[in-house]
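Structure record follows, encoded as structure tokens.
The values are calculated or read from the model by the stated rules, or taken from the named source; none is laboratory data. Only a predicted model underlies this, so the values are computations on that prediction, with no experimental measurement involved. Glycine also receives a Cβ, built like all others from the backbone with ideal geometry; neighbour counts cover every protein chain displayed.
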Amino acid sequence: MKTRITELFGIEHPVIQGGMHYVGFAEMAAAVSNAGGLGIITGLTQRAPKDLANEIARCKDMTDKPIGVNLTFLPGFADPDYPGYIEAIVAQDVKIVETAGRSPEQYMPSLKEAGIKVIHKCTSVRHSLKAEKIGCDAVSVDGFECGGHPGEDDIPNMILLPRAAEELSIPFVGSGGMGNAKQLVAALALGADGINMGTRFIATKEAPVHQNVKDALVAASELDTTLIMRPLRNTERVLKNESVDRILEKEKSLGDDIKINDIMDEVAGVYPKIMTDGDMDAGAWSCGMVAGLIHDVPSCKELIDAMMKEADEIINSRLSQFAA
Ligand SMILES: Cc1cc2nc3c(=O)[nH]c(=O)nc-3n(C[C@H](O)[C@H](O)[C@H](O)COP(=O)(O)O)c2cc1C
């Protein structure tokens, strides 16, 4: 399938794997890119720029297709060495960067100078327009359904994507809640040029996470995620578990007085315990409502090939019957 996104990134299918902490290792990105999508390594999962350089090199040993790197600009705390990470990306000749968190404005000159295409992930039309204005090549529009940080506006993709289509000139993908061919075609119908998937790609054979995580996604329904950290204005959609219950209890009892330190044990440094060790109650971890649509653990190629085949059938058979 050809869209503005496949053309921009030189990929076969308009399907991107968004950066995911402790999931977006070389194996994940290579598997998605080898399947014709765009695989993305998560920059900050690598402790230092030199580790990111090694991870990119490892990925390049596994694929000769385009890959990207996610740079998440975290709210507050001490800033990671972003210039150092960008140097590593440039030195390893990666030509696509997915930015997220805050506006990448400060880093656009160095990214653009290196000929890097920037896709900024954001959760509102106003942030998408800002991204367009500062020279981003594309936007990943993340709706309220998404795993991770949906922002504070709570606009689902049924509204957010056509609103983005009304306003944006640059290409954009629909992100959040995406997991199958029907949703890919719907996203295209709503004006997007493709989709970005996070949660769905965790339940694949190649995802380098503990089997317990994949089993949890297959077992979960669309009712099993919830929002945490809303009182801190750092809302995150996570899979419900014991740790999340404790966070919600604290949010209830402390109300507006809650500070990040009050829930630190449940959110800081928990990803290796969950993703690597498979300790499913070790803390809160991002997970989208699309869990309700995940019923199997295919390879990335099986997943993407099946999606593209069904998308073709939907467009050419199911939808064409409605044409006057
Ligand atoms: C486990 C997990 C970790 C994530 N970590 C990051 C991250 O570090 N940086 C980022 O920009 N997005 C992160 N995301 C968001 C994804 O890139 C993507 O935008 C989101 O998952 C899309 O929604 P979906 O899960 O419904 O597909 C994460 C998502 C998940 C599920």
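For the range 31-59, name all the residues that are among the hydrophobic types (A, V, I, L, M, F, W, C), in contact (Cβ under 8 Å) with a residue 60 or more places away in the chain and in contact with a Ser or Thr (Cβ under 6 Å, 6 or more places away or on another chain).
Residues satisfying the conditions do not exist here.
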Exercise for review: Could you check how many residues of the range 182-208 are away from the ligand (no atom under 14 Å from the Cβ) and of a type in the set (Val, Ile, Thr)?
Suggested key: 1
Point to revise | In the range 125-138, the residues that are within 24 Å of Met229 (Cβ to Cβ) and either outside the structural domain of Asn70 (by TED's automatic domain parsing) or of a type in the set (A, V, I, L, M) (or both) | key: Val125, Ala131
Check your understanding: Taking the stated definitions as given, is Asp215 assigned to a loop (DSSP other than H, G, I, E, B) and either away from the ligand (no atom under 15 Å from the Cβ) or surrounded by fewer than 19 Cβ atoms within 10 Å (Cβ to Cβ) (or both)?
Key -> no
Check your understanding: For Pro150, all conditions in the list (1) assigned to a helix (DSSP H, G or I); (2) more than 13 Å from Asn196 (Cβ to Cβ); (3) not hydroxyl-bearing (Ser, Thr, Tyr) hold save one; what is the number of the exception?
Key -> (1)
Exercise for review: Scan the range 10-24 for residues that are of a type outside the set (A, V, I, L, M) and either away from the ligand (no atom under 16 Å from the Cβ) or under 16 Å from Ser299 (Cβ atoms) (or both) and report the count.
Suggested key: 4
Revision key, fill the gap. The lone condition Asp281 fails out of (1) of a type outside the set (A, V, I, L, M, F, W, C); (2) within 16 Å of the ligand (Cβ to nearest atom); (3) assigned to a helix (DSSP H, G or I); (4) surrounded by fewer than 17 Cβ atoms within 10 Å (Cβ to Cβ) is (3)
Check your understanding: So which residues in the range 125-145 are touching a residue at least 40 places away in the same chain (Cβ under 8 Å), away from the ligand (no atom under 13 Å from the Cβ) and not in a helix (DSSP H, G or I), if there are any at all?
Key -> Asp137, Ala138
Check your understanding: Looking at Thr3, Thr63, which one is more than 26 Å from Val213 (Cα to Cα), surrounded by fewer than 19 Cβ atoms within 10 Å (Cβ to Cβ) and hydroxyl-bearing (Ser, Thr, Tyr)?
Key -> Thr3
Exercise for review: Take Ser221 and decide whether it is in contact with a strand residue (DSSP E or B) (Cβ under 9 Å, 6 or more places away or on another chain) and not basic (Lys, Arg).
Suggested key: no
Review point. Hey, Ala268 hits all of (1) modelled with pLDDT of 95 or more; (2) surrounded by fewer than 20 Cβ atoms within 10 Å (Cβ to Cβ) but one; which does it fall short on?
Key: (1)
Review point. Does Ser110 satisfy the criteria of being in a helix (DSSP H, G or I) and under 20 Å from Arg4 (Cα atoms)?
Key: no
Practice item. Go through the range 147-167 and give me each residue that's surrounded by 20 or more Cβ atoms within 10 Å (Cβ to Cβ) and either more than 17 Å from Gly288 (Cα to Cα) or away from the ligand (no atom under 11 Å from the Cβ) (or both). Key: Leu160, Leu161, Ala164
Check your understanding: With Val139, Val118 as the choices, which residue is closer than 15 Å to Thr72 by Cα, in contact with a Phe, Trp or Tyr (Cβ under 7 Å, 6 or more places away or on another chain) and not charged (D, E, K, R)?
Key -> Val139
